[in-house]
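The values are calculated or read from the model by the stated rules, or taken from the named source; none is laboratory data. Remember, predicted model here, so these are calculated numbers, not experimental data. Here the Cβ is made from the backbone with ideal geometry for all residues, glycine too, and neighbour counts use every protein chain on show. Note: areas computed on protein heavy atoms with side chains; ligands, DNA, RNA excluded. Shrake-Rupley method; radii C 1.70, N 1.55, O 1.52, S 1.80 Å.
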Amino acid sequence: MLQFQTNDHISHSYIVASSSEAERSRMTTELAAAMLCESADIRPCRQCRSCHKVFHGVHPDVLFVEPDGTAKTPVIKVEQIRQIAATAYLLPSEASRKVYILRQADRMNFSAQNAFLKLLEEPPQSAAFILAAGNPGALLPTVRSRCELLRENASDAEPSEDGIREAEAYLKAAARGDWAELLRWCAGHENLDAQALQDFLSAAKQALVRQLSGEDEIPALTAADAMRQLRRIEQCETYRRANVNTKHIFGLLSVPTAPDAAGKKRG
């Protein structure tokens, strides 16, 4: 059970990390209640009016954001973050502040995370943010650094050494733009088991995020190609969660990200 003592500071932004969706839901609810609790003692007290409303899911100042289910690849888009920014500075309905809960925050795309970072850098006094994530390592390091981390049974933020090594090999092959080499590499990895595939995709996504944020460099990979590759990896993660065959996922990864790369190499 999540509780804060009288003298405990409650931050304006948290990452709630757990591999269990049910556990993330429980922790985010308790944290939102603690943020809005009217008690001068232990929070959440579970007795005040605000706590009752939060735990019953009817508090007007607890707002939820989740991946766009109508999109081909369900992600939290930049337009959704801009909507938060448009309302975050408005006064709450009845509590001291509004609490935005981002479900599956690790599915925020790169543009959305950059937009959200601006809110975290200059947080409005009238709002607080809770990012629920199964894999907090998928979030930008700059986003993670501005949030308190509450972790319970979360998947490792860092993928395995094998996953990192495979991701580096794939991204180097993709950066060279050699379609035949990329096809051979993907064909040789289409029998990865579920855990190895997850490690590989997670490592590739983290490497691309570091490249785009200027924290690392993948030789010969342009920013435009890195962005296209990141979208491809995010799509593959969605397919993996939907139990799409690994062979089909690597079939998608074998297609060069540059629009004319395949044509140049085969022509």
query = Which of the residues spanning the stretch 19-41 are open to solvent by 50 Å² or more (accessible area, probe 1.4 Å) and touching a helix residue (DSSP H, G or I) at 6+ places or on another chain (Cβ under 9 Å)?
reply = GLU38
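Would you mind stating whether ASP68 is in contact with a strand residue (DSSP E or B) (Cβ under 8 Å, 6 or more places away or on another chain) and open to solvent by 30 Å² or more (accessible area, probe 1.4 Å)? Even if it seems obvious, please write down each step before you answer.
On the way: in contact with a strand residue (DSSP E or B) (Cβ under 8 Å, 6 or more places away or on another chain): yes; open to solvent by 30 Å² or more (accessible area, probe 1.4 Å): yes.
So ASP68 passes the test.
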note = Checked the stretch 45-59 for anything on the phi < 0 side of the Ramachandran plot and open to solvent by 30 Å² or more (accessible area, probe 1.4 Å); matches are CYS45, GLN47, ARG49, HIS52, LYS53, PHE55, HIS56, VAL58
inquiry  = Need a quick list: helices (runs of 4 or more DSSP H) entirely within the stretch 1-110 having at least 3 residues that are closer than 23 Å to GLU237 by Cα.
reply    = 21-36, 78-88
inquiry  = With free of Cβ contacts under 8 Å to residues at least 40 places away in the same chain, of a type in the set (A, V, I, L, M) and farther than 16 Å from VAL255 by Cβ as the only criterion, which of ALA196, ALA207 stands out?
reply    = ALA196
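Pick out the one residue from VAL99, VAL75, VAL62 that is within 30 Å of ILE249 (Cα to Cα), of a type in the set (Val, Ile, Thr) and crowded, with 17+ Cβ neighbours inside 10 Å.
On the way: VAL99 fails: within 30 Å of ILE249 (Cα to Cα); VAL62 fails: within 30 Å of ILE249 (Cα to Cα).
Just one listed residue meets the conditions, VAL75.
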request  = Filter the stretch 142-178 down to residues that are hydrophobic (A, V, I, L, M, F, W, C) and modelled with pLDDT under 85, then give me how many there are.
outcome  = 2
